[in-house]
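Quick one: the structure is below, questions incoming.
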Amino acid sequence: MKKVILIHGWGGYPDNNWFPWLKKELEKRNWKVIVPAMPDAKKPEINSWINKIKEVSESIDEDTYFVGHSVGCQAILRYLQTIDAKIKIGGGVFVAPWMALDEETIKEGEDVKALAKPWIETPIKWDKIKLHTNNFLAIFSDNDSFVPVEENKKLFEEKLGAKTIIEKNKGHFDDVADIKKLPVLLEALLVISKWK
């Protein structure tokens with residue numbers, strides 16, 4: 001059975017944005033979908049998020065796919081760099097991923113800056129992550145107010161060999177942008193998993 005582990009973003013929860021829609025669409029196709037509530041989502045912390053992913057990711061294999069939104073993408077990457085190099089997964093799809101944030105986000109205040117700092121400054125072991133699969137895709141929006149698109153797109157392409165898609169006018173792919181469905185993501189997962 002194919003399995004997806006979906007990790008929401010900063011301030012998110014399992015039932016917001018396009019997550020319920022994706023869960024329903026994949027379950028119709030007999031996929032198992034795991035969407036955990038990440039700990040202290042309004043104050044995301046690297047180690048507690050990695051530990052939560054470990055907790056829900058038992059028995060992962062080549063039929064396991066990870067989908068992340070925003071900082072959830074980073075949490076997945078940081079989890080993957082901690083697991084045994086011999087473990088293979090089906091792939092990873094990252095929606096609005098960032099390793100750097102837009103200057104406007106950083107200006108939101110010292111609290112936001114302090115929370116974002118470890119996520120921005122703690123290095124990622126890209127080579128370790130690439131041992132698990134070659135199937136990475138990053139989806140960006142051309143008007144995302146949090147994510148500097150070109151900088152992050154280039155990083156994911158260069159460091160992960162990720163394919164990238166830039167959608168038009170989808171904001172941060174969240175409730176604020178009124179994104180309740182994300183067909184490009186569903187299609188990508190089905191292609192990556194060779195669903196027929």
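The values are calculated or read from the model by the stated rules, or taken from the named source; none is laboratory data. Keep in mind that what you see is a predicted model, and the values were worked out from it rather than measured. Because the Cβ atoms are built from the backbone with ideal geometry, glycine has one as well, and the counts that use them run over all protein chains shown.
Could you give every pair whose Cβ atoms fall below 8 Å, whose first residue belongs to segment 171-196 and is acidic (Asp, Glu), and whose second residue is surrounded by fewer than 18 Cβ atoms within 10 Å (Cβ to Cβ) and at pLDDT 95 or above, counting only separations of at least 6 or pairs across chains?
174/16; 175/16
Further, regarding this structure: Considering each of 166, 120 in turn, give the residue that is part of a strand (DSSP E or B), surrounded by fewer than 16 Cβ atoms within 10 Å (Cβ to Cβ) and either touching a residue at least 24 places away in the same chain (Cβ under 8 Å) or among the hydrophobic types (A, V, I, L, M, F, W, C) (or both). Full working, then the answer.
Details: 120 fails: part of a strand (DSSP E or B).
None of the other options fit; the residue is 166.
So is residue 181 part of a loop (DSSP other than H, G, I, E, B) and either surrounded by fewer than 20 Cβ atoms within 10 Å (Cβ to Cβ) or not charged (D, E, K, R) (or both) or not? Let's see the steps before the verdict.
Details: part of a loop (DSSP other than H, G, I, E, B): yes; either surrounded by fewer than 20 Cβ atoms within 10 Å (Cβ to Cβ) or not charged (D, E, K, R) (or both): yes.
Yes; evaluated as a whole, the condition is true for this residue.
This table checks each residue for (1) of a type in the set (S, T, N, Q); (2) within 30 Å of residue 1 (Cβ to Cβ); (3) at pLDDT 95 or above.
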| residue | (1), (2), (3) |
| --- | --- |
| 87 | no, yes, yes |
| 129 | no, yes, yes |
| 133 | yes, yes, yes |
| 163 | no, yes, yes |
| 168 | no, no, yes |
| 193 | yes, yes, no |
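Could we say that residue 137 is out of contact with any Cys (no Cβ under 7 Å at 6 or more places or on another chain) and either among the basic types (Lys, Arg) or in a helix (DSSP H, G or I) (or both) here?
Numbers: out of contact with any Cys (no Cβ under 7 Å at 6 or more places or on another chain): yes; either among the basic types (Lys, Arg) or in a helix (DSSP H, G or I) (or both): no.
No, not satisfied.
Residue 51 is checked against (1) touching a strand residue (DSSP E or B) at 6+ places or on another chain (Cβ under 6 Å); (2) surrounded by fewer than 20 Cβ atoms within 10 Å (Cβ to Cβ); (3) of a type in the set (S, T, N, Q) and fails just one. What number does that condition carry?
Evaluating residue 51 over (1) touching a strand residue (DSSP E or B) at 6+ places or on another chain (Cβ under 6 Å); (2) surrounded by fewer than 20 Cβ atoms within 10 Å (Cβ to Cβ); (3) of a type in the set (S, T, N, Q) leaves (1) as the failure.
Hey, can you tell me all the residues within segment 148-195 that are more than 23 Å from residue 23 (Cβ to Cβ) and either among the basic types (Lys, Arg) or out of contact with any strand residue (DSSP E or B) (no Cβ under 8 Å at 6 or more places or on another chain) (or both)? Spell out how you get there, then give the answer.
Residues of segment 148-195 that are more than 23 Å from residue 23 (Cβ to Cβ), as a first pass: 148-164, 166, 168-169.
Once the filter is applied, which keeps residues that are more than 23 Å from residue 23 (Cβ to Cβ) and either among the basic types (Lys, Arg) or out of contact with any strand residue (DSSP E or B) (no Cβ under 8 Å at 6 or more places or on another chain) (or both), segment 148-195 yields 148, 150, 151, 153, 154, 155, 158, 159, 163, 168.
What pairs can you find where one residue is in segment 21-45 and touching a residue at least 40 places away in the same chain (Cβ under 8 Å), the other is among the hydrophobic types (A, V, I, L, M, F, W, C) and exposed (fewer than 12 other Cβ atoms within 10 Å of the Cβ), and their Cβ atoms are less than 7 Å apart, with a gap of 6+ or different chains?
Going by the 7 Å Cβ cut-off, there are no qualifying pairs.
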